[in-house]
Structure formats: C-alpha cells, structure tokens
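See below for the structure under consideration.
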Amino acid sequence: MFALLLAGYGKRQRMQIVTSQHQDDAFVAERSEGTGHISFRKRGDDTVLDHLYQEGCAKIRLPRTYETKDPLAVLINTSGGLTGGDRLQFKVEAQPGARVVATSQAQEKIYRSPGGDADVLTELRVGPDAILHWVPQETILFDGARLRRRVDIDLDTTASFIGVEALIFGRTARGEAMTSGMVRESWRLRRDNRLIFADETKLDDAPASILEHPASASGDAAIATLVMAGGDLDFYRDALRALALETVGTSIVNDVLVTRMTAETGARLRSKLVAALNVLQNGAPLPKVWSC
C-alpha cells in the first residue's frame, strides 16, 4: 500500500542515496515528478476552462471566486515540497480575450538536496487582448537546497501580463539561513516571439555570504522580482515609487515594468509584495490562499 500511495503522488525511482558506508545499506529514494497544463478561453463575457491536464504530483484546482468573475487557477504540488532530483512543470494559457489569475496553494519549500537539483519550469502563454496575472506565493529555501527555476512567458501584441517570483533564504524566525546550496532562476519574456526581457539570478556555494554584499541584498534574507507588460507603465511605475517602500526599485525596460525588492524577513517581503500588487492590480484582492 505504501508503494501505491507514493505512485499516486507521481513518484519516480531515479536517485540513489547512500545512507552509510556499507553498500548494502544504500537505497533508492523516491523522487517527485509532476506536470500540469491548463488553458482558458473566452465565452461571451466570461472566461471559461478550455483544457486541463495533470499528472503526478502536479494538481490544479479551480475554486469558486466571488470578488471577481475572472477564474482562479490554484497550482498544487502534492509531494509537500521539492528536493534534489524532483521535477515540476506547469503551463498556463489565456486564449484570446480571456482573463485569468494563477497562483500556488502555499509557499513552495525546497529542502536540502541529497544530490542533484530541483527543477521547476513555468510556461505562460497570453493571447490577443488576454490578461494573465501570475502571482504564486513565495519559495522558501532551506540550507543545502538546490533549485533551478525557469519562467518562460509568451505574449501577443495586445496581451497584458503581471508576474512575480519570490525567494526566501531560510526561515529567519527559526534562526535559519541558507549557508550552502544553489539557486539558478531564469526569466524569458517574449512579445510576438521577440525577446524583450531576460533575467538570470545565480547564487551558489555560499548564498548567505553573497546576499550580504551591498550589490546583492545587503544582508536581507528575501528577494523578489515583479514584472508587468501592457497598460500604462509610466503610471504604474510612478505609483509604485510613490509607495516609498524601502529596498524597492522599479524601472521600465523594453516596454516591461521591472520591480526588484528585498527584505530582512519573509513576512516583510510579503507586505511589500501585497502593497505593490495592490497597485498593479488596481486594488483587486489577491487570491484568498495568500491569507490562509
């Protein structure tokens, strides 16, 4: 039964972890693997589900919302966190005229790696006159974690997009810090197949010491990148600057509004993210899972 339960969570035997000096004591650990695809289309004045596929530990739920008519897609990793060798892929598409909000069920946790990297790929597609808000909750990295995350965004000429990714390097309330491990995060944003924004973040060997540098995070333990494409970017840039949040910078590059922020704790980072997203989403509330 134990094996069946693991299979239900999309586990694969792909990594050998040696637990002692004796070869006979070595065992093959289970690794998580999941894929989820969801697509929405416009029907009359509404946005409705067009396609849903989920496999392994990747699940997608569509809770009923009352604050807005726009559908909410909640992306879930049922394995309860990721570690070296785990793979997770999600794809969200807003077809012409659709309006969609996508988020995660909870803060994703990346645990100490026994070997290899946790690979996370997010693909976002936004069609003509469509709007997609990608607002997952933060990712918490434990000491020794190894994460490779890529976000690929393809926009039509008339599409609008808001997206955020946030990293917390250890639970500061517990006195934790990420003193070892690796993070590699890549953004690629294209409009009409033309690359308009590319970003690379790499922290390895000693992430905490890198974050101490003034050119990095000046000792802060949490960072986030927020991007916006479409709409009156000058207005939103000025509105974000008017918030006068500490350690937050925003600018416009190639018709993309890019905002960077750091904070001493994950809780402080969240308060900054909520304030910034409230501006960019014109006061629309964040998904309720953000406050659960």
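The values are calculated or read from the model by the stated rules, or taken from the named source; none is laboratory data. Predicted model, so just to flag it, every value in this text is computed and none were measured. Because the Cβ atoms are built from the backbone with ideal geometry, glycine has one as well, and the counts that use them run over all protein chains shown. For accessibility, only protein heavy atoms count, side chains too; no ligands or nucleic acids. Shrake-Rupley method; radii C 1.70, N 1.55, O 1.52, S 1.80 Å.
Beyond 23 Å in Cα-Cα separation lie the following of the pairs K59/K202; K69/K272; K59/K109; K59/K288; K42/K69: K59/K202; K69/K272. Computed across region 135-174, the Kirkwood radius stands at 12.8 Å (inverse of mean 1/r, all Cα pairs).
Give me the percent of DSSP beta bridges within the chain that run antiparallel, rounded to the nearest 5. Approximately 50 percent, going by the DSSP bridge assignments. The shape of region 196-257 comes out oblate: with a ≥ b ≥ c from the C-alpha gyration tensor, a/c is at least 1.5 while a/b does not beat b/c. Shape index of region 47-157: Rg/Rh, with Rg the Cα radius of gyration and Rh the Kirkwood radius from the inverse mean 1/r over Cα pairs, equals 1.00. For the chain, the solvent-accessible area works out to 48 Å² per residue, with a probe of 1.4 Å and every protein chain left in place.
In this simple spin-label approximation, R43 and Y66 carry label points 7 Å from Cα along the Cα→Cβ vector, and these lie 2.4 nm apart.
For region 214-292, what does the alpha-carbon gyration tensor say about shape, rounded, prolate or oblate, given a ≥ b ≥ c as the root eigenvalues, a/c under 1.5 as rounded, and a/b over b/c as prolate? Here region 214-292 falls in the oblate category.
Note on the chain: Kirkwood hydrodynamic radius from all Cα pairs is 19.9 Å, rounded to one decimal. Of the two radii for region 150-273, the radius of gyration is 1.00 times the Kirkwood radius, both from the alpha carbons; that is the Rg over Rh value. Charged side chains reduced to their Cβ positions (Lys and Arg at +1, Asp and Glu at -1) give region 52-144 a dipole of some 300 debye around its Cα centre. Taking square-rooted eigenvalues a ≥ b ≥ c of the alpha carbon gyration tensor, is region 92-131 rounded, prolate or oblate, where a/c under 1.5 means rounded and, failing that, a/b exceeding b/c means prolate? Oblate, since a/c reaches 1.5 and b/c is not below a/b.
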